[in-house]
Amino acid sequence: DTGVSQDPRHKITKRGQNVTFRCDPISEHNRLYWYRQTLGQGPEFLTYFQNEAQLEKSRLLSDRFSAERPKGSFSTLEIQRTEQGDSAMYLCASSYLGGFTDTQYFGPGTRLTVL
Amino acid sequence: SQQGEEDPQALSIQEGENATMNCSYKTSINNLQWYRQNSGRGLVHLILIRSNEREKHSGRLRVTLDTSKKSSSLLITASRAADTASYFCAWLGSGNTGKLIFGQGTTLQVKP
């Protein structure tokens, strides 16, 4: 399978715990994006990387959220001291800047439930 | 909010009928894309239309774009039960940004 993969697919945690999600983009893609989606809403942008550099961050990304993309390959999104309001689907996408289209290809998502 | 609007929020049709969804956005755009999402899953890219294009076709999908009205529509012809899903428009702002802004989605139910 050469699509975007995310791990884990589901995560249940208690309030106050830290969680980390991983995203593996399509191998030749140099851009990687994180979005958050709550029930009944469209995805909202969190942040994106071009290679290793984090180029843009949303105001939604509070100090408790941190994302990394070491070596410009996979990315991790960590949420510290989780709150019930963090419960959502976290989506990762990748694209190739400089290609024929700007299409972002999405992974299956990680569904986070904070109890 | 930068999110646009999609209309209708929900649509229920019989198999074989056409389904039309509309999207309005608020800013100038580079391109506009449509995605499908089956319940609780990731998004599948359907079609992209650039700001200098007015209409685009892909199989049973037809997308139009009117930049003067800041609106787009997605038409699914001869719908099938498998088309049941939520449909989102999303746009890339002008300039060198990677940020996609999504509409709130239209939930389509196609009854067999």
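Annotations for the structure displayed:
- Of every Cα-Cα pair in the range B:16-112, the percent that sits beyond 19 Å: 38
- Most mobile of A:Gly16, A:Gly98, A:Gly42 in a GNM of chain A (Cα contacts under 10 Å): A:Gly98
- For the options A:Leu46, A:Leu55, A:Leu77, a Gaussian network treatment of chain A with springs between C-alpha atoms closer than 10 Å singles out A:Leu55 as fluctuating the most.
- Choice from A:Gln37, A:Gln17, A:Gln104 showing the highest fluctuation, given a GNM over chain A with Cα pairs closer than 10 Å: A:Gln17
- With all projection directions averaged, the alpha carbon convex hull of the range B:3-53 covers 4.8 nm².
- Extending 7 Å from the Cα toward the beta-carbon at both A:Ile12 and A:Arg59 defines two label points whose distance is 3.5 nm.
- Per-residue Cβ neighbour counts within 10 Å put B:Arg36, A:Arg69, B:Arg54 in the sequence B:Arg54, B:Arg36, A:Arg69, beginning with the fewest.
- Across the range B:1-90, the mean sequence separation of Cα contacts (distance under 8 Å, 6 or more residues apart), normalised by length, yields a relative contact order of 35 percent.
- Backbone geometry of the range A:68-82 corresponds, through the Karplus equation with coefficients 6.51, -1.76 and 1.60 at θ = phi - 60°, to 3J(HN,Hα) couplings of 9, 9, x, 6, x, 10, 6, 10, 10, 10, 10, 10, 9, 6, 4 Hz, x marking Gly and Pro.
- Put in line by how crowded their Cβ is, counting other Cβ atoms within 10 Å and starting with the fewest, A:Met89, B:Met21 read A:Met89, B:Met21.
- In order through the range A:27-37: 3J(HN,Hα) via Karplus (6.51 cos²θ - 1.76 cosθ + 1.60), integer Hz, x for Gly, Pro: 4, 8, 7, 9, 10, 9, 10, 10, 10, 10, 10
- Label separation (A:Glu68 vs B:Thr67): 4.2 nm, computed from points 7 Å beyond Cα along the C-beta direction.
- For the range B:33-38, 3J(HN,Hα) per residue [Karplus equation, 6.51 cos²θ - 1.76 cosθ + 1.60, θ = phi - 60°, Hz, x = Gly/Pro]: 10, 10, 10, 10, 9, 7
- Using only side-chain charges placed at the Cβ, +1 for Lys and Arg and -1 for Asp and Glu, the dipole size of the protein assembly as shown relative to its Cα centre rounds to 260 debye.
- For GluC sites (Glu not before Pro), the sites in the range B:13-105 that DSSP calls loop and that have at most 16 other Cβ atoms within 10 Å are B:Glu15, B:Glu17, B:Glu53.
- Here is the P(r) of the range A:46-115: all C-alpha pair distances, binned every 10 Å from 0, give 17, 49, 28, 6, 0 in whole percents.
- When each of B:Ser24, A:Ser62, B:Ser68 is scored by the number of other beta-carbon atoms lying within 10 Å, the sequence from fewest to most is B:Ser68, A:Ser62, B:Ser24.
- The protein assembly as shown shape via C-alpha gyration tensor axes, a/c threshold 1.5: prolate
Bear in mind these aren't lab numbers, they're just calculated from the coordinates by the rules spelled out. Keep in mind the model is a prediction, meaning the values are calculated, not measured. Counting neighbours? That spans all protein chains shown, and the Cβs are built from the backbone with ideal geometry, glycine included.
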